[in-house]
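Each remark here refers to the structure printed beneath this line.
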Amino acid sequence: MSQPIFSPLAGVEGCPEGGYYAVVDLGAHVLAWQPPGQRPVLWTSGRSHFEPGLAIRGGVPVVFPWFGTGPLGNLRPAHGVARTTTWRRGEVVDTTTSDGRLTVTYHLDQTMTGPVPHFPHSYEAALTARFSPESLAVALTVTNTGERDLPYECALHTYLAAGDITQVSVEGLDGRPYLDTVPGASPRERVQEGPVTFTAETDRLYAHVGEVTVVDPAWGRRLRVAKQGSATTVVWNPWVDKAAAMADFGDDEWTGMLCIEAANLRDDALLLAPGESHTLSQSISLA
Ligand code: BG6
């Protein structure tokens, strides 16, 4: 283990022979999973900020306690305060040199974010990232430590690297209802027919609890993305105009990425009674 990796951010990295793993304390944000002998599986923008208080563009942002601007559209920063707060690093188990495994656990509670308008709740959140040559597994557990109900949205907003998005297809969503949230799209629910392919800005919320497979012919690989504790799968690629409009996203980088997000949002937002916990997890492996 050595650090820091993405100066000036502190974090943990693992270097199994022929591979690379990285997670930073800002946002408990997994930045890299490159299984030994493989291309990187996660994508991070060359234009990303790596500064305390600013969101990182890429890796696995932890979205909490609201998604986007929240159920009423009035919350800031976008996707909640977890990804812009430095979490407390807990246990690190690094056996990369013997079996290629690294596990890092982080903790967050409401005292670490400071007062959050519209979210006066007490909670403990734990994020565990398990890296191995076979898979990356990320789990977010939230516990209500207050005396009243805790409503929240959450997501593991995973950015996957791809050889050429115009050739990528996502299998496993056939027949699933979805909302198209690209500006100007019809607000009516649609139903997915066949695999998802990418020909324009894509921003969809699928009612979906299973796993998907990302088929990437340009790199000749298939990524299996499984999840638990999540009612919505978000599929996102910004395409040309939105990529150009984002300062922390290279104009041409949309060709080499897509997001597959394990989420609970809108009508499927979570509500924890005092003392109750919920775990949202996602795991990625090469199929
Ligand atoms: C996705 C949303 O989850 O995140 C998109 O569905 C959004 O609408 C994207 O543009 C990126 O969000 P942000 O806040 O990281 O720019």
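FYI, it's all coordinate maths here, none of it is from the lab. Quantities reported herein were computed from a predicted structural model and do not represent experimental measurements. Note that each Cβ is placed from the backbone with ideal geometry, even for glycine, and that neighbours are counted across all protein chains shown.
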Local net charge near residue 244, Cβ-Cβ under 11 Å (Lys/Arg +1, Asp/Glu -1): -3
Dipole of the range 88-145, positive end: most advanced residue of 145, 114, 100 [Cβ charges, Cα centre]: 114
Ranked list, fewest to most other Cβ atoms within 10 Å of each Cβ, for 132, 283: 283, 132
Residue-averaged 222 nm ellipticity for the chain, from DSSP H runs of 4+ at -39500 (n - 2.57), nearest 500: -1000 deg cm²/dmol
For the range 259-275, 3J(HN,Hα) per residue [Karplus equation, 6.51 cos²θ - 1.76 cosθ + 1.60, θ = phi - 60°, Hz, x = Gly/Pro]: 9, 10, 10, 8, 9, 9, 8, 6, 5, 9, 4, 8, 9, 9, 6, x, x
Most to least packed among 177-190, 151-164 [average Cβ atoms within 10 Å]: 151-164, 177-190
Label-to-label distance, nm, for residues given as residue 218 and residue 273 (7 Å Cα→Cβ offset): 5.0 nm
For the range 46-185, with +1 on Lys and Arg beta carbons and -1 on Asp and Glu, the positive-most of 158, 61, 128 along the dipole: 61
Cα-derived Rg to Rh of the chain, Kirkwood definition: 0.94
